[in-house]
Amino acid sequence: MTALDLIDRKIVAQLMEDATLPVARIAERVGLSQTPCWKRIQKLEASGVIARRVALADPQALGLGLTVFVTLEAADQTPDWRARFCAAIEASPEVMELWRVAGQGDYLLRLTLPDMARFDAFCTRLTAAVPIRKITSHMALEPIKHTTAYPVDLQGP
């Protein structure tokens, strides 16, 4: 799919806000009739703009009250190290996100866990699986802003 027009962006914004909205409601909100709206949603899904629809759960309600942001420096940058590191991360369900980054550190992780003991166990497993030069942890105290909706109304030049 090429560049999204304003209607496509409005549809995506509605679905990011509430993926359970009926097509008729989305169509009404974006100024289309139901059939053209449904066809656009199908195109957005087929092209990968809409990757999937999910339910968002409250981590506190699930007993996962600890969020930790971890920056780590790799012991080396070999393909073997990276493959072992990625395998260790894939085997760690507490890792919600992993990013390779520029700046201080090589990787940034977001973990969600029930408590510090589980965080300590994660660190022990990770460092046993692959050598790490440095780990820096930041315990989240309070979410000030958290969203899963991308700012689709912002367009580049």
query: By how many degrees, between 0 and 90 and to the nearest 10, does the Cα long axis of helix 6-17 differ from the longest principal axis of the chain?
result: 50 degrees
query: Over the range 56-157, with a single point scatterer placed on each C-alpha, what log10 of the ratio I(q)/I(0) does the Debye formula yield at q = 0.11, 0.13, 0.18 1/Å?
result: -0.40, -0.54, -0.92
task: Quick one: angle between helix 116-129 and the longest Cα principal axis of the chain, in degrees between 0 and 90, rounded to 10, please.
output: 70 degrees
- request: Let me know the whole percent of all Cα-Cα pairs from the range 1-99 that are separated by more than 16 Å.
  value: 69 percent
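Add +1 for every Lys or Arg and -1 for every Asp or Glu among the other residues with Cβ under 15 Å from the Cβ of P131, and state the total.
Details: positive: R82, R84, R125, R133, K134; negative: E73, D76, D80, D106.
Value of the local net charge: +1.
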task: Report the trypsin sites (Lys or Arg not before Pro) located in the range 1-97 that are in a DSSP loop and have at most 16 other Cβ atoms inside 10 Å of their Cβ, or state none.
output: R52, R53
field: Exposure proxy ranking, count of Cβ atoms within 10 Å, fewest first, for L6, L109, L64
entry: L6, L64, L109
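Each value in this text was obtained by applying a stated rule to the coordinates, not by laboratory testing. Bear in mind that the values here come from a model prediction, so they are computed numbers and not experimental data. Virtual Cβ from ideal backbone geometry, glycine too; neighbours counted across all protein chains shown.
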